[in-house]
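See below for the structure under consideration.
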Amino acid sequence: MQIASVAGTPLLRKTPRSFDLLPKMGAIYEPGRVVVDRDRITGGGVTAGIDFALRVAAEIAGEQVAKAIQLGLEYNPEPPFRSGHPDVAGGVGHAGEHLEPAFGAGCAV
């Protein structure tokens with residue numbers, strides 16, 4: 001997040017991450033796993049990093065190359081739960097809220 005702003009000038013205008021700190025640096029939350037804004041591409045979440053890389057590959061080398069890379073990775077995500085983003089998690093809460101009661105003090109994320 002340190003690179004999101006340099007000397008008060010935002011490097012990101014739109015971002016898929018909704019961290020409290022980013023709006024303070026001038027970034028605007030944009031829903032999505034990968035957000036293209038002008039000449040910048042950002043990704044949010046762990047598997048969105050793969051989505052991000054595939055999007056960049058498509059921008060550089062074309063959609064067919066990106067699809068071939070995706071096939072090579074056998075990247076076909078099927079998450080077991082629909083709780084990977086605050087907009088759809090239904091009040092699940094952060095993992096740290098559940099770890100300590102289940103495993104004892106010091107296990108919070």
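As an exercise, use a Förster radius of 25 Å and the Cβ-Cβ distance of Phe103 and Tyr29 to find the FRET efficiency, rounded to the nearest 0.05.
Calculated value: 0.20.
How large is the Kirkwood hydrodynamic radius of the stretch 26-76, counting all unique pairs of alpha carbons, in Å? Write out the running numbers ahead of the final one.
Values: mean 1/r = 0.0866 Å⁻¹.
The Cα-based Kirkwood calculation yields 11.6 Å.
Report the FRET efficiency, 1/(1 + (r/R0)^6), for Lys67 and Val92, where r is their Cβ-Cβ distance and R0 is 25 Å, rounded to 0.05.
Numbers: r = 33 Å, r/R0 = 1.33.
Calculated value: 0.15.
When Arg40, Arg82 are ordered from fewest to most other Cβ atoms inside 10 Å of their Cβ, what list results?
By the 10 Å Cβ count, ascending, the order reads Arg82, Arg40.
No value in this document is a laboratory result; all are computed from the given coordinates. Just so you know, these numbers come straight off a predicted model, no measurement behind them. So basically every Cβ, Gly included, is an ideal-geometry build from the backbone, and we count neighbours across all protein chains shown.
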